[in-house]
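The values are calculated or read from the model by the stated rules, or taken from the named source; none is laboratory data. Model, not experiment: these values are computed from the prediction. Cβ sites come from the backbone with ideal geometry, for glycine too, and all protein chains shown count toward neighbours.
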Amino acid sequence: MSRVLVVEDDAAILRGLADNLGGEGYQVRTARTGGEGIRIIRDERPDLVVLDLMLPGLSGLEVCRRVRREGIHTPILVLTARADEVDRVTGLDLGADDYVTKPFSVSELLARVRALLRRTHPAAELPEHVAFDDVVVDFVRYEASKGGRPVQLARKEYAVLRYLAAHPRAVVQRADLLLEVWGYNQLPVTRTVDNHVAQLRAKLEDDPGHPRRILTIHGVGYKLVLGEAP
């Protein structure tokens, strides 16, 4: 689970970011000042920082400057006002990795967070097999069984399940499945992912209408629950 630090002095924005990032499956820490943000970065080394530049006292620009001066390479996504082009450029020059301008769409910010984490962290190793309940799936031999009987899965169904199995209990974005399984760089208007998930449930769940393993997190994506199901 990736750890994201949000440094933002506006309570409403901070709460909204924390809620949305938490809903994505990230472990979220928050700070209201630049000084507190630097302390958490030094002590806890989060995987990514979402940093408002317009902080009272110690500014976001100064946070960038000090963090990079200390040799800390944690990726930083800065939040700036739409008109502050100079601050955006300065932030990038000081070591920020990307920026989002206020007001921003949550979907754009989350997409940039995912892109930065993919760029700086190796992708999860894809498993060779997965087993739960009476289901056994071999992703190398493309063999699946349920209750000891063979189950026919399409290649894309194997790929979707394998990607979910690489992130057990984490919420996987629909857009990430489209990118990783189908190679779509933009989100097309399609129910391709939904249809493949529905087929996997029909073939592998005991009660497809009330799945216990392949779950939908409405408005977010999907997750595969291994071990003890809820």
Condition first: among the acidic types (D, E) and surrounded by fewer than 20 Cβ atoms within 10 Å (Cβ to Cβ). Now tell me which residues in the stretch 1-20 satisfy that. D9, D10, D19
Could you tell me which numbered condition S105 fails, if it satisfies all but one of (1) of a type in the set (S, T, N, Q); (2) closer than 28 Å to E180 by Cα; (3) in contact with a strand residue (DSSP E or B) (Cβ under 8 Å, 6 or more places away or on another chain)? (3)
Can you tell me which residue within the stretch 160-170, out of those that are of a type in the set (A, V, I, L, M, F, W, C) and surrounded by fewer than 20 Cβ atoms within 10 Å (Cβ to Cβ), is modelled with the highest pLDDT? A166
Looking at the stretch 213-224, can you tell me whether even one residue there is in contact (Cβ under 8 Å) with a residue 60 or more places away in the chain, under 21 Å from G148 (Cβ atoms) and surrounded by fewer than 16 Cβ atoms within 10 Å (Cβ to Cβ)? no
Considering only strands (runs of 3 or more DSSP E) fully contained in the stretch 94-151, which possess at least 3 residues that are at pLDDT below 95 and surrounded by 12 or more Cβ atoms within 10 Å (Cβ to Cβ)? 98-102
Taking the stretch 67-87, which residues are more than 19 Å from V4 (Cα to Cα) and in contact (Cβ under 8 Å) with a residue 24 or more places away in the chain? E70, A81, D84, D87
Candidate set: the stretch 26-68, residues that are part of a loop (DSSP other than H, G, I, E, B) and crowded, with 22+ Cβ neighbours inside 10 Å; chosen: the one nearest to the chain's Cα centre (by Cα): Y26
Just checking, which of G71, G23 is under 30 Å from T216 (Cα atoms), in the same structural domain as L116 (by TED's automatic domain parsing) and surrounded by fewer than 19 Cβ atoms within 10 Å (Cβ to Cβ)? G23
Within the stretch 152-162, how many residues turn out to be assigned to a helix (DSSP H, G or I), out of contact with any His (no Cβ under 7 Å at 6 or more places or on another chain) and touching a residue at least 24 places away in the same chain (Cβ under 8 Å)? 2
Can you tell me which of H196, H210 is part of a helix (DSSP H, G or I) and at pLDDT 90 or above? H196
Out of the residues in the stretch 77-93 that are surrounded by fewer than 16 Cβ atoms within 10 Å (Cβ to Cβ) and at pLDDT 80 or above, which is farthest from V67 (Cα to Cα)? A81
